[in-house]
Amino acid sequence: MQENTVNAALTQEQNILSVRGLQKSFDGLCVLKDISLDVEKGNVVSIIGPSGSGKSTLLRCVSFLEQADGGDILYDGQYALRGGIYAPKAELARFRTRFGLVFQNFQLFPHYSVLKNISEAPILHGEDKEEVRERAMGLIAKMGLEGKENAYPYQLSGGQQQRVAIARALAMRPEILFFDEPTSALDPELTGEVLKVIRQLAEEKMTMVVVTHEMPFAKAVSNRVIFMAGGVIVEQGDPQAVFENPREERTKQFLRVFER
Amino acid sequence: MSLLTMILKMSEGLGKTCAIFFLTLLFSLPLGMVVALLRMSRSKIISSIMRFFITVLRGTPLMLQLLAVTYGPYYLFGATVARNKLIPVVIAFAINYAAYFAEIYRGGIESIPVGQYEAAEVLGYSKFQTFMRIILPQVIKRILPSVTNEVVTLVKDTSMAFTVSYQEMFTIGKQIANSQTSFMPFVVAGVFYYLFNAIVDYVMGRIEKRLDYYR
């Protein structure tokens, strides 16, 4: 019995993100009903599902862009949201440094160079300028954007812009990275370069939650796949199981569309 | 009266014309931002008051507002009319232009995608940092053409100060025109305003060019 409790405490500590019973509605319309999930350190969790299923809302809730109505959100076992009540503002600001978010539409700052887009936030957080610059240059190289540090976002392709956005999020050295349909705004020939970068991060054991419509990618990269529909998690498991042997009828129905 | 004396006499009023112009910009540009932010306030009361304030200032003639600010205190409280008319003139102009600038700012601020705020929020920018570093620079670039329009109008509107007999260039010109029964002073005034606005166009064009480095 005691051993069980210790184990429970251990697993909980390994969960960078835990969500329990998360609720969210917009004007009486329930978009998240009792969502629970755990993301372990070093894991990649993909969230798939039809549009309007609440995938993006879930990401927006855990990154505090949307205010949840009920449930718990924990980072490293610490409550950011407990029973629908948020931690004080100053604490939420500290939680914010634990995660990064990559948007569908990049949302780079158009008036900043690539380098400034990546380095300003850490500098504003009081980090050493030279150190941040070096880290940013390293990230630019890692993203395959050498020589682009002084370019402005409008001079880059969508795929390049999204890679800058990923570098910008990584510059904050987050423990977990959220991707909200990172390739949905890209031309098909540009999705590959972005997915490659995410795959590389997965190999480096970066903890990530990826909302995506790229099924082969989700299958290849994830440790776990979550299928959402109608504001609930219909099914989750390892990618092999969910994609090859879905248990739920709703999952089968959704995946069938992609087989054609 | 020779054309040269006419020009020289009217030039004496140019300093005052410039005083109205620059002081109005100095006060109305920041005041407009305050009004715009209050107009967008989440408080219904504050935003309604600001909306009313803006409709009054945009919906009534500037000339009327000049008269009200200059002579209103006398009729309402029997206060003496200010000896230096520059003060009421600048107050009236600054408030009037602030209302116009406020609506331009508001349009600019509302045109920035919500995602820009969200990106900054997730990166830990404070509300103030987000506004000053991310939003405002983009707003300035977007609204510059509309602001140039207002500034050009302001150059010409300074002539309105003649209604309260403030001795700026146009008021002097009008007096000369009356005493000499000549149309020439108005031609001179027209040329003055045209040249003034040529400079305004040049300066604003330079500023727009400097913000051309991104899209």
Item to check | Square roots of 5 times each gyration tensor eigenvalue, C-alpha, the stretch B:60-140, largest first, Å | outcome: 41, 13, 9
Item to check | Rounded FRET efficiency, nearest 0.05, which uses the C-beta distance separating B:T80 from A:K129 and R0 of 51 Å | outcome: 0.30
Checklist entry - What spacing in nm lies between the two simple spin-label points modelled at B:F22 and B:L211, each 7 Å away from Cα in the Cβ direction? => result 2.3 nm
Checklist entry - Between their Cα atoms, which of A:K24/A:K89; A:K142/B:K209; B:K9/B:K85 are more than 23 Å away from each other? => result A:K142/B:K209
Checklist outcome for this item: Note to self, the protein assembly as shown gives a 222 nm [θ] from helices alone (DSSP H runs n ≥ 4, -39500 (n - 2.57) apiece, / all residues, nearest 500) of -18500 deg cm²/dmol
Next on the checklist: Compute the angle between helix A:188-203 and the longest alpha-carbon principal axis of chain A, please, reported from 0 to 90 degrees and rounded to the nearest 10.
Outcome noted: 80 degrees
Item to check | Rounded D (µm²/s) - the protein assembly as shown, Kirkwood Rh over Cα pairs, Stokes-Einstein at 25 °C, 0.890 mPa s | outcome: 92 µm²/s
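Using the eigenvalues of the Cα gyration tensor, what equivalent ellipsoid semi-axes result for the stretch A:54-103 when each is taken as the square root of five times the eigenvalue, whole Å, largest first?
One finds semi-axes of 16, 14, 9 Å for the stretch A:54-103.
Per residue and in cubic angstrom, what volume does the convex hull of the Cα atoms of the stretch B:107-208 have?
Hull volume normalised by residue count: 116 Å³.
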Checklist entry - What's log10 of I(q)/I(0) for the stretch B:1-66 at q = 0.22, 0.29 Å⁻¹, Debye sum over Cα points only, no solvent? => result -0.98, -1.14
Checklist entry - Can you give the convex hull volume of the alpha carbon atoms of chain A per residue, in Å³? => result 153 Å³
Item to check | Exposure of A:C30 as accessible area (Å², to 10), given a probe of 1.4 Å and all protein chains | outcome: 60 Å²
Next on the checklist: If you average the C-alpha positions of the stretch A:129-173 and of the stretch A:179-193 separately, how far apart do those two centres end up, in angstrom?
Outcome noted: 17 Å
Next on the checklist: Students sometimes get this wrong: rank B:K85, A:K205, A:K219 by accessible area, probe 1.4 Å, all chains present, largest first.
Outcome noted: A:K205, A:K219, B:K85
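How many Cβ atoms of partner chains, on average, are near each residue of A:58-66 if near means within 10 Å of its Cβ? Could you put the intermediate results ahead of the total?
Details: counts 0, 0, 2, 0, 0, 3, 3, 7, 1.
Rounded to a whole number, the mean comes out at 2.
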Checklist outcome for this item: Descending accessible area (1.4 Å probe), largest on the left, turns B:Y125, A:Y86 into A:Y86, B:Y125
Checklist entry - Hey, with R₀ at 35 Å, roughly what FRET efficiency would A:Q200 and A:D27 work out to, going by the Cβ-Cβ distance, to 0.05? => result 0.30
Checklist entry - Could you give the Stokes-Einstein D for the stretch B:15-169 in µm² per second, using the C-alpha Kirkwood radius, 25 °C, 0.890 mPa s? => result 145 µm²/s
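The values are calculated or read from the model by the stated rules, or taken from the named source; none is laboratory data. The model shown is predicted, which means the values in this text are computed figures rather than measured ones. Every residue, glycine among them, receives a Cβ derived from its backbone with ideal geometry; neighbour counts consider all protein chains shown. Accessible surface is based on the protein model in full, side chains and every heavy atom, while ligands, DNA and RNA are left aside. Shrake-Rupley method; radii C 1.70, N 1.55, O 1.52, S 1.80 Å.
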